[in-house]
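Novice: Here it is: the structure, laid out below.
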Amino acid sequence: DAGVTQSPTHLIKTRGQQVTLRCSPKSGHDTVSWYQQALGQGPQFIFQYYEEEERQRGNFPDRFSGHQFPNYSSELNVNALLLGDSALYLCASSLERQGRFSYEQYFGPGTRLTVT
Amino acid sequence: AQSVTQLGSHVSVSEGALVLLRCNYSSSVPPYLFWYVQYPNQGLQLLLKYTSAATLVKGINGFEAEFKKSETSFHLTKPSAHMSDAAEYFCAVYNQAGTALIFGKGTTLSVSS
């Protein structure tokens with residue numbers, strides 16, 4: 001049973017650049033959430049995608065955007081990178097469809113983004 | 001609004017000793033509470049969850065947690081620490097919409113031999 005996978009593992013970008021991170025949910029899951037974890041902090045919710053639409057958004061600027069594809073995989077895009085965007089970006093998947101709501105969110109290994 | 005507070009950013013125990021990691025929550029609705037563990041350079045692994053069933057919840061790797069509504073607490077315990085338990089532990093609660101997890105700042109557990 002494949003778990004949540006994310007790519008790339010590490011990424012180094014320069015201020016002002018744009019970045020795209022990718023996530024494949026756990027097999028059978030249909031909902032994807034993205035979190036940002038700064039060094040020494042707990043993860044912070046960025047947004048959640050369900051049925052290819054952004055369902056809820058945390059306190060992040062519009063520079064952060066996303067997409068969910070028909071196969072439930074997802075992308076996180078960050079434009080105009082700032083030094084403060086350096087963090088571990090975590091993707092989590094869960095299941096909601098057909099009344100089979102599961103409270104568990106399963107996390108991927110994350111993408112470590114460094115902005116210089 | 002929902003929130004969690006983890007008391008103690010760093011806990012040190014000896015191998016074989018009791019592990020107690022503290023978490024208090026604030027919630028305007030019956031909470032769904034979770035404990036996750038994060039090993040260095042890895043993602044989060046679910047240890048256990050409370051979803052309004054039994055108040056004593058057993059998880060993986062010998063961990064358990066007790067939901068105490070009167071104390072608004074959900075502390076994580078393990079009777080006997082192993083070296084392999086050394087990691088970062090996060091308590092989390094669902095937001096009111098039931099979509100986003102709200103995490104505490106984490107507690108680093110160190111285990112010495």
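Read-outs: derived from the displayed coordinates by stated rules, not from any lab. Just so we're clear, the structure is a prediction, and the values are computed from it rather than from any experiment. FYI the Cβ positions are ideal-geometry reconstructions off the backbone, even for glycines, and counts take in every protein chain you see.
Novice: Once you've got the GNM for chain A with C-alpha springs shorter than 10 Å, pick whichever of A:Tyr103, A:Tyr35, A:Tyr72 has the biggest mean-square fluctuation.
Specialist: Maximum among the listed residues: A:Tyr103.
Novice: Moving to a separate point now. Using the Cα centre as the reference, give the magnitude of the dipole from point charges on the C-beta atoms of the range A:50-108 (Lys, Arg: +1; Asp, Glu: -1; all else neutral), rounded to the nearest 20 debye.
Specialist: It comes to approximately 120 debye.
Novice: While we're looking at this one, here's another question. Over the range B:1-100, what relative contact order in percent results from Cα pairs under 8 Å that are six or more residues apart?
Specialist: After rounding, I find 36 percent.
Novice: Using R₀ = 25 Å, calculate the FRET efficiency as 1/(1 + (r/R₀)^6) where r is the Cβ-Cβ separation of B:Lys69 and B:Leu20; round to 0.05.
Specialist: 0.85
Novice: Moving on to the next point. Stretch B:Asn41-B:His82 to full length: gain in nm at 0.36 nm per residue minus the Cα-Cα span?
Specialist: Extra length from B:Asn41 to B:His82 when fully extended: 12.8 nm.
Novice: Something else: Using a Gaussian network model of chain B whose springs link C-alpha atoms within less than 10 Å, name the residue from B:Ser70, B:Ser52, B:Ser14 with the highest mean-square fluctuation.
Specialist: Highest fluctuation among the options: B:Ser70.
Novice: A further question on this structure: For the range A:8-89, what is the convex hull volume of its Cα atoms per residue in Å³?
Specialist: 97 Å³
Novice: Between the range B:1-77 and the range A:2-44, how many Å separate their Cα centres?
Specialist: The range B:1-77 and the range A:2-44 have Cα centres separated by 24 Å.
Novice: Now for a separate question. Suppose every K and R has +1 on its Cβ and every D and E has -1 on its Cβ; what is the size of the dipole of the range B:19-103 about the Cα centre, in Debye to the nearest 20?
Specialist: In debye, rounded to 20, the range B:19-103 gives about 140.
Novice: Using only atoms on other chains, find how many Cβ atoms lie within 10 Å of each Cβ of peptide B:38-46 and report the average.
Specialist: Partner-chain Cβ atoms within 10 Å, mean over residues of B:38-46: 6.
Novice: From Cα pairs below 8 angstrom and at least 6 apart in sequence, can you work out the relative contact order of the range A:4-108, rounded to a whole percent?
Specialist: It rounds to 34 percent for the range A:4-108.
Novice: Which stretch or stretches of the range A:54-68 have amide N atoms under 19 Å from the point lying 7 Å from A:Leu82's Cα along the Cα→Cβ direction?
Specialist: Of the residues in the range A:54-68, A:57-66 have backbone N under 19 Å from the label point off A:Leu82.
Novice: If I build a Gaussian network model for chain A, linking alpha-carbon pairs within less than 10 angstrom, which residue out of A:Gln68, A:Gln105, A:Gln56 has the largest mean-square fluctuation?
Specialist: Comparing A:Gln68, A:Gln105, A:Gln56 in a Gaussian network model of chain A, the most mobile one is A:Gln56.
Novice: Separate question: Would you tally the net charge around A:Asn79, using a Cβ to Cβ cut-off of less than 15 Å, leaving A:Asn79 out, and scoring K and R as +1, D and E as -1?
Specialist: Local net charge: 0.
Novice: Sticking with this one: By DSSP, what percent of the beta bridges with both residues in the protein assembly as shown are antiparallel, rounded to the nearest 5?
Specialist: In the protein assembly as shown, approximately 90 percent of DSSP beta bridges are antiparallel ones.
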